[in-house]
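Shown next, in structure tokens, is the structure this report addresses.
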Amino acid sequence: MNKVILMLFFLISAIAACVEEPKYNREQCIVRVNIEWENMSDAHKENIIVIITNAIRSAPDMDFNRIPPGFSVKGTDREFIYYQHEFDCENRLANMEKLLSYVRSNTGHFSLP
């Protein structure tokens, strides 16, 4: 019985030692997108937010966005969209630029800088 418990202890210890610590924490995988509204109505703002977020969710597979980043809209004027990248965190800025480039070229409702 003691041998079995000892073997289980070593087995669990070996498995725990192999578990890799995450390279990044959740806060490090967030990208903030700033939006300059320039006196737009609240309804128009909401429409643009929906267009951007839907376009990013429906973007074709680019090898990093199979699971689209989660997002949250913040700011007193809803001028910030925060994207939480689950994968490929080290390339989050370049990947976000690719997604925004896709939005820019595939939505004709407004212009992005």
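Name the single residue, out of those in segment 54-76 being among the hydrophobic types (A, V, I, L, M, F, W, C) and surrounded by 11 or more Cβ atoms within 10 Å (Cβ to Cβ), that is modelled with the lowest pLDDT. Checking each candidate, the answer is F64.
Per the conditions (1) more than 24 Å from R26 (Cβ to Cβ); (2) exposed (fewer than 12 other Cβ atoms within 10 Å of the Cβ); (3) not hydroxyl-bearing (S, T, Y), the sole criterion not satisfied by R104 is (2). Of the residues in segment 85-98, at least one is at negative phi, at pLDDT 90 or above, out of contact with any strand residue (DSSP E or B) (no Cβ under 8 Å at 6 or more places or on another chain) and among the small types (G, A, S). Residues in segment 20-48 that are loosely packed, with under 11 Cβ neighbours inside 10 Å and at negative phi: E20, E21, P22, K23, N25, E27, N34, E36, S41, D42, A43.
When Q84 is tested against (1) over 13 Å from C29 (Cβ atoms); (2) surrounded by fewer than 16 Cβ atoms within 10 Å (Cβ to Cβ), just one condition goes unmet, and that condition is (1).
Within segment 54-67, residues that are without any contact (Cβ under 8 Å) to a residue 12 or more places away in the chain reach partners that are part of a loop (DSSP other than H, G, I, E, B) and surrounded by 10 or more Cβ atoms within 10 Å (Cβ to Cβ) with beta carbons closer than 6 Å, at six or more positions or on different chains, in the pairs R57/P68.
Considering each residue of segment 30-47 in turn, at least one proves to be under 10 Å from the mean Cα position of the chain (by Cα), of a type in the set (V, I, T) and not in a loop (DSSP other than H, G, I, E, B).
Taking the stated definitions as given, is I51 surrounded by 13 or more Cβ atoms within 10 Å (Cβ to Cβ), of a type in the set (A, V, I, L, M, F, W, C), in a helix (DSSP H, G or I) and under 14 Å from the mean Cα position of the chain (by Cα)? Please lay out each step first, then the result.
Numbers: surrounded by 13 or more Cβ atoms within 10 Å (Cβ to Cβ): yes; of a type in the set (A, V, I, L, M, F, W, C): yes; in a helix (DSSP H, G or I): yes; under 14 Å from the mean Cα position of the chain (by Cα): no.
No; evaluated as a whole, the condition is false for this residue.
Could you please find all residues in segment 57-92 being part of a helix (DSSP H, G or I) and more than 10 Å from the chain's Cα centre (by Cα)? Residues satisfying the conditions are R57, E90, N91.
The values are calculated or read from the model by the stated rules, or taken from the named source; none is laboratory data. Keep in mind it's a predicted model, so treat the numbers as computed, not measured. So basically every Cβ, Gly included, is an ideal-geometry build from the backbone, and we count neighbours across all protein chains shown.
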